[in-house]
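S.K.: Got a structure for you, questions after.
The values are calculated or read from the model by the stated rules, or taken from the named source; none is laboratory data. Since the structure is predicted, the reported quantities are computational estimates derived from the model, not experimental observations. Every residue, glycine among them, receives a Cβ derived from its backbone with ideal geometry; neighbour counts consider all protein chains shown. These area figures cover heavy atoms from the full protein model, side chains too; ligands, DNA and RNA do not enter into them. Shrake-Rupley method; radii C 1.70, N 1.55, O 1.52, S 1.80 Å.
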Amino acid sequence: MTEISLFPIVFYALAAVTVVSALGVAFSNNIFYSAIALMGTLLGAAGLYVMLAADFVAVVQIFVYVGGILVLTLFAINLTSRIGDVSISNRSLGRFPAFVALALSGGVMVRAIREASWNMVEVREAVPTINGIGNAFLTEYILPFELASLVLLAALVGAVVLSRKELRD
Amino acid sequence: MLQEFIDSLIADGLFGGLPRDVAYLIGMLAAGALVVFGFVLNVAGITTFVERRVWARIQSRVGPNRVGPQGVLQWLADGLKLLMKEEAIPFAADARLFKLAPFIVTIGFITAFVAMPFSSALIVADLNLGILYITSMTSLVVVGIMVAGWASNNKWSLIGGIRAAAQIVSYEIPAALSIFTVILITGTLSMQSIIQQQSWLPWDWFIFHNPFTFIGFFVTFVALLAEGNRTPFDLPEAESELVAGFVTEYSGARYLFFFLVEWGNLYVISAILVTLFLGGWQVPMIPVITDSAFGLNLLQALTFVGKSYFGVILIMWIRATLPRIRVDQLMTTCWKYLLPISFANFMGTALWVLIWPDGFLPAELLMTALGFGLVGYFFYRVAYHLRRSGAQITLSPLS
């Protein structure tokens, strides 16, 4: 029996979904379509995490990005009146400068991708990662973890200060 | 589980010379189709019929009783009727997104069943992130609802979509926090392992584990009701103010999809509660029946679906008797009451597990007595009022 693996097929399918939706986000004229394409990108990325045997990261990706951030984005779009016809305030600099910028940044990225020493690992059996992540957070990385929660708290307090009229006056 | 089964089929030569991964794919699709067509569609359909009958009895009406004996085939007739109806797409609507929205909603709903247990062996995939997977997949439903509300190009739909999003995003926090109180006790997110740590005895259920989980059960119930857009939290489709909210412009098969999800969600809500708090499929070891694997699994599946259906009936009862709450009341309930309560529950359970890692039996027995006492007192009061009012009631569902 020949062992043909579906692994590469699934990988390229997920990568295609991610890239095509990302292009949709960037090129769509309708901001709502961009937001829906963003959902494709996020779900594709979650699929890629699954392929990397990072199950917890994949599920949290959907939980936080699709269930939280994407919904907030759609919420903001729905609540903004006449979001379809925005008056563009920053003047376009024309095609030539754009091409130069693209060539420069693209060159840097291609070079980085080619010269990076990729850490290749064998395809691993998918093992639960959640225990390891939890232990690492509460032992080795407890300081960054706690500092991150402090930053989030500051953001929350800041949002309250910005949005409450009686505090702003 | 499924993998071992397919491996055994491959060993028997059922798949011929097909590659292993293709055999797995076929197996997964077959299992998925079995769950969707064998269980999900039927349970959603039958629930619509049961809901209409239960609701009718509560409101002193008869309800549908013409199609089939006692009207039991009504749901099939309704489904066929909706499938054959012409679909109208509003001229001003965004046709592509309008057509896409019901499918996003349905995907978010059906993928949750992947990790939904039925018995100790019957589960499509016992994911080790089970409950987290289910909560994150159901968040696709809200994206679909928002797309539907926007694409309909109708102010009722838009308001409905926005309400749905605001409601689900808010209530996700108390729901997740209350679910995590149970995770503190179990130390695992897998649906099967959560059930395995309980037993068929009520005081081993996590609802009676300590006072905090007892309150946590009700917090979870309210939060999941709100996430499933059920009365008293059905503001997104509030018939009296928004026509039908985000489904106003939908007709035919796409309308059917929205209602499939709406009623199927009743089962999902109850199954999550049964898994986390009410002992899941745990059954006592009865000789003869549970000796064979088939009998054991059948009894477990019947127990699980029976417990879940009890929850479904409870939600119907709430829908038939409670008025809808206002938007500001909705937000007050979530942010000012449920959120602090669920934080307190979380901390309390953490301390409890720290002090008594293996549970504290006297407290469990006390909580069980309290729980059953409350139910008993409720029935006593209802009986008292019925006697005093001298009301004529018929308890038979068939009359």
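S.K.: If B:Ile89 meets every condition in (1) within 14 Å of chain A (Cβ to nearest Cβ); (2) in contact with a Phe, Trp or Tyr (Cβ under 8 Å, 6 or more places away or on another chain); (3) surrounded by fewer than 22 Cβ atoms within 10 Å (Cβ to Cβ) apart from one, which number is that one?
M.R.: B:Ile89 satisfies every listed condition except (1).
S.K.: Does A:Leu102 fit the bill of being within 12 Å of another protein chain (Cβ to nearest Cβ) and at pLDDT 80 or above?
M.R.: Here the answer is no, as A:Leu102 does not meet what is asked.
S.K.: Report yes if B:Thr111 is without any contact (Cβ under 8 Å) to a residue 60 or more places away in the chain, of a type in the set (Ser, Thr, Tyr), assigned by TED's automatic domain parsing to the domain that holds B:Trp263 and in contact with a helix residue (DSSP H, G or I) (Cβ under 9 Å, 6 or more places away or on another chain), otherwise no.
M.R.: yes
S.K.: Moving on to the next point. Return yes or no: is A:Val50 within 12 Å of another protein chain (Cβ to nearest Cβ), within 17 Å of B:Tyr133 (Cβ to Cβ) and open to solvent by 60 Å² or more (accessible area, probe 1.4 Å)?
M.R.: So A:Val50 fits the description; yes.
S.K.: Something else about it: Just checking, how many residues over the range B:238-264 are open to solvent by 10 Å² or more (accessible area, probe 1.4 Å) and closer than 18 Å to B:Met331 by Cβ?
M.R.: Result for the range B:238-264: 1.
S.K.: Let me ask another. Residues of the range A:21-37 being open to solvent by 40 Å² or more (accessible area, probe 1.4 Å), within 12 Å of chain B (Cβ to nearest Cβ) and assigned to a helix (DSSP H, G or I), which ones?
M.R.: Hits for the range A:21-37 are A:Ile31, A:Tyr33.
S.K.: If you don't mind, there's one more thing I want to ask. Just need a number here: residues in the range B:314-340 that are crowded, with 19+ Cβ neighbours inside 10 Å and either hydrophobic (A, V, I, L, M, F, W, C) or in a loop (DSSP other than H, G, I, E, B) (or both).
M.R.: Adding up the residues that qualify gives 5.
S.K.: Could I ask something else about it? I'd like the full set of residues that are over 30 Å from B:Pro284 (Cβ atoms), open to solvent by 10 Å² or more (accessible area, probe 1.4 Å) and more than 12 Å from every other protein chain (Cβ to nearest Cβ), limited to the range B:104-142.
M.R.: B:Thr106, B:Ile110
S.K.: Answer with yes or no whether B:Leu97 is in contact with a helix residue (DSSP H, G or I) (Cβ under 7 Å, 6 or more places away or on another chain) and at pLDDT below 80.
M.R.: Against the criterion (in contact with a helix residue (DSSP H, G or I) (Cβ under 7 Å, 6 or more places away or on another chain) and at pLDDT below 80), B:Leu97 does not qualify.
S.K.: Now, a different point. I'd like to check something: does the range B:196-205 contain any residue that is open to solvent by 10 Å² or more (accessible area, probe 1.4 Å) and either under 19 Å from the mean Cα position of the chain (by Cα) or within 11 Å of chain A (Cβ to nearest Cβ) (or both)?
M.R.: Looking through the range B:196-205, at least one residue is open to solvent by 10 Å² or more (accessible area, probe 1.4 Å) and either under 19 Å from the mean Cα position of the chain (by Cα) or within 11 Å of chain A (Cβ to nearest Cβ) (or both).
S.K.: Sticking with this structure for a sec: Would you please name the residue that is least open to solvent (accessible area, probe 1.4 Å), looking only at residues in the range B:277-297 that are among the β-branched types (Val, Ile, Thr) and either assigned to a helix (DSSP H, G or I) or over 13 Å from B:Gln198 (Cβ atoms) (or both)?
M.R.: B:Thr290
S.K.: Right, next: Of all the residues that make up the range B:145-172, how many are more than 10 Å from chain A (Cβ to nearest Cβ) and at negative phi?
M.R.: Number satisfying all stated conditions: 11.
S.K.: Further, regarding this structure: Give B:Phe233, B:Phe259 a once-over and let me know the one that is assigned to a loop (DSSP other than H, G, I, E, B), touching a helix residue (DSSP H, G or I) at 6+ places or on another chain (Cβ under 9 Å), more than 16 Å from B:Phe310 (Cα to Cα) and of a type in the set (Phe, Trp, Tyr).
M.R.: Checking each option against the conditions leaves just B:Phe233.
S.K.: Within the range B:115-144, which residues are among the aliphatic types (A, V, I, L, M) and in contact (Cβ under 8 Å) with a residue 60 or more places away in the chain?
M.R.: B:Ala115, B:Met116, B:Ala121, B:Leu122, B:Ile123, B:Val124, B:Ala125, B:Leu127, B:Leu129, B:Ile131, B:Ile134, B:Val141
S.K.: For a quick check of your reading of the model, give me the residue pairs whose first member lies in the range B:202-216 and is farther than 18 Å from B:Thr275 by Cβ, whose second is surrounded by 24 or more Cβ atoms within 10 Å (Cβ to Cβ) and among the β-branched types (Val, Ile, Thr), with beta-carbon atoms closer than 8 Å and at least 6 apart or on different chains.
M.R.: B:Asn210/B:Thr349; B:Phe212/B:Thr181; B:Phe212/B:Thr349
S.K.: Right, here's the next one. Identify the single condition in (1) closer than 29 Å to A:Val50 by Cβ; (2) among the hydrophobic types (A, V, I, L, M, F, W, C); (3) open to solvent by less than 100 Å² (accessible area, probe 1.4 Å); (4) at pLDDT 90 or above that A:Met109 does not satisfy, given that it satisfies every other one.
M.R.: So A:Met109 meets the others, but not (3).
S.K.: Filter the range B:341-356 down to the residues that are open to solvent by less than 80 Å² (accessible area, probe 1.4 Å) and either hydroxyl-bearing (Ser, Thr, Tyr) or within 24 Å of the chain's Cα centre (by Cα) (or both) and list them by number.
M.R.: B:Ile341, B:Ser342, B:Asn345, B:Phe346, B:Thr349 - these are the residues of the range B:341-356 that are open to solvent by less than 80 Å² (accessible area, probe 1.4 Å) and either hydroxyl-bearing (Ser, Thr, Tyr) or within 24 Å of the chain's Cα centre (by Cα) (or both).
S.K.: Give all pairs with beta carbons closer than 9 Å in which a residue from the range A:60-78 that is within 7 Å of chain B (Cβ to nearest Cβ) meets a residue that is not in a helix (DSSP H, G or I); count only pairs at least 6 apart in sequence or on separate chains.
M.R.: As it stands, the answer is A:Gly67/B:Thr138, since those pairs meet every condition given.
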